[in-house]
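Colleague: Below is a structure I'd like to ask you about.
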Amino acid sequence: SIYPAITVNTTPTTTIVSSDVDNQICAGENVDFTASGANTYQFFVNGVSQGAPSATAVFSSTGLTNGASITVNGTSNNCTDPSNALVFTVYNYPSVSLVNNGENEICVGENTDLVASGATDYVFAVNGTQIGVFGPTNTFNSALNDGDIVTVFGSTNGCVSLAPSSQSYTVNSYPTLTSSSSDIDNIICLNDLISFTASGASTYLYELNGTELQNGMTSTYAIGSLADGDMITITGFNGDCPSTSDNYNFTVNS
């Protein structure tokens, strides 16, 4: 008798590789998977098919979750071979916050007092320019220029987030105060009216023996009730930044 010839097809050897070397990614990160060794391919994520078999050897995903297992079935001549599985670790992005323990209006040369939290490593940026590299230090204590804006990036497991809030700064200079008294030698008679004029600052504080008399934008002050030994002190301010004070000590004769 004559027996028909039997064709034995060779089972393909299907492999799969990913565009991520260590199979550790951040949530939402795109990963490309490339299969080889067969004619058609069908990709699976956690055993769920991602489409019908086709000649397309590349599959991409941005929706992998932690522990996801990706495989591909390769088919040639009706013989199918499942590939090795690629199992992924997927990290979430940190929730980074930035807190200002000081004020947003400071003086020239005064340091900030910023504290970041929510991540493992941080890098601060001033006006969009990063200061240094990522590290565990979560504080930013530095002098700034007027109008500077400070932000912070936090990193955990290589996943980087920007804190949603930033801190902007007004930096005031220390004023150079100029002041004068209507009496040249500070020797006056009882009930004499003495006037003072100041300039060089944004606001002015007048004090009598350490007690506030006037504080604000008004640069002049007059008083007619000085007693012997009284001292008038004038201090100028730009924001909270004080000038050197001018002191006027009076001798009052009856």
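Colleague: Output ³J(HN,Hα) for the range 157-167: one whole-Hz value per residue in order, computed from phi by the Karplus curve 6.51 cos²θ - 1.76 cosθ + 1.60 with θ = phi - 60°, and x for Gly and Pro.
Modeller: Each residue's phi maps through the Karplus curve to give 6, x, 9, 10, 10, 9, 4, x, 10, 10, 10 Hz.
Colleague: Run the dipole for the chain about the Cα centre, Lys and Arg Cβ at +1, Asp and Glu Cβ at -1, nothing else charged, and hand back the magnitude in debye, nearest 20.
Modeller: 1680
Colleague: Here is a follow-up. In whole Hz, with x marking every Gly and Pro, tabulate ³J(HN,Hα) for the range 24-37 from phi via Karplus 6.51 cos²θ - 1.76 cosθ + 1.60, θ = phi - 60°.
Modeller: Taking θ as phi minus 60°, the curve returns 10, 9, 9, 4, x, 6, 7, 10, 9, 10, 10, 9, 8, x Hz for the range 24-37.
Colleague: Among Thr129, Leu177, Asn73, whose Cα sits farthest toward the positive end of the charge dipole of the chain (+1 at Cβ of Lys/Arg, -1 at Cβ of Asp/Glu, about the Cα centre)?
Modeller: Checked the options; the winner is Asn73.
Colleague: Just how far, in whole angstrom, is the range 149-199 from the range 50-82 if you go by their alpha carbon centroids?
Modeller: 66
Colleague: Give me Rg over Rh for the range 140-254, both radii from the alpha carbons and Rh done the Kirkwood way, two decimal places.
Modeller: 1.30
Colleague: For the chain, set up a Gaussian network in which alpha carbons nearer than 10 Å are linked by springs, and say which option among Asp121, Asp113, Asp32 fluctuates the most.
Modeller: Asp32
Colleague: Here's a follow-up. Taking all protein chains as present, what is the carbon and sulfur share of the accessible area of the chain, in % to the nearest whole number, probe 1.4 Å?
Modeller: 49
Colleague: May I have the pair-distance distribution P(r) for the range 15-166, computed from all Cα-Cα distances with 10 Å bins from 0 and rounded to whole percent?
Modeller: Distribution as computed: 11, 30, 19, 15, 14, 8, 3, 1 percent.
Colleague: Another one. Pulled fully out, how much extra length does the chain show between Asn253 and Glu212, if you take 0.36 nm times their separation in residues and subtract their Cα-Cα distance?
Modeller: 12.3 nm
Colleague: Can you pull out the cysteines in the chain that have no other Cys Cβ under 4.7 Å?
Modeller: Cys with no partner Cβ under 4.7 Å: Cys79, Cys189.
Colleague: Using r as the Cβ-Cβ distance of Ser168 and Thr62, and R0 as 30 Å, what FRET efficiency do you calculate, to the nearest 0.05?
Modeller: The value I calculate is 0.30.
Colleague: Related question: How long is the gain from Ser95 to Thr203 if the chain were fully straight, where each residue apart is worth 0.36 nm and the alpha carbon distance is subtracted?
Modeller: 34.7 nm
Colleague: Counting DSSP beta bridges with both partners in the range 85-212, what percentage is antiparallel, nearest 5?
Modeller: Just about 90 percent of them are antiparallel.
Colleague: Moving on to the next point. Return the percentage of antiparallel bridges among DSSP beta bridges fully within the chain, rounded to the nearest 5 %.
Modeller: 90
Colleague: Heavy-atom accessible area per residue, the range 45-158, 1.4 Å probe: how many Å²?
Modeller: Per residue, the range 45-158 has 52 Å² of solvent-accessible surface.
Colleague: Order of 86-93, 131-138 by packing, highest average Cβ count within 10 Å first?
Modeller: Ranking the peptides 86-93, 131-138 by packing returns 86-93, 131-138.
The values are calculated or read from the model by the stated rules, or taken from the named source; none is laboratory data. Since this is a predicted model, take the numbers as computed values, not measurements. Every residue, glycine among them, receives a Cβ derived from its backbone with ideal geometry; neighbour counts consider all protein chains shown. For the accessible areas, the whole protein counts, side chains as well, though only heavy atoms, and no ligand, DNA or RNA atoms are used. Shrake-Rupley method; radii C 1.70, N 1.55, O 1.52, S 1.80 Å.
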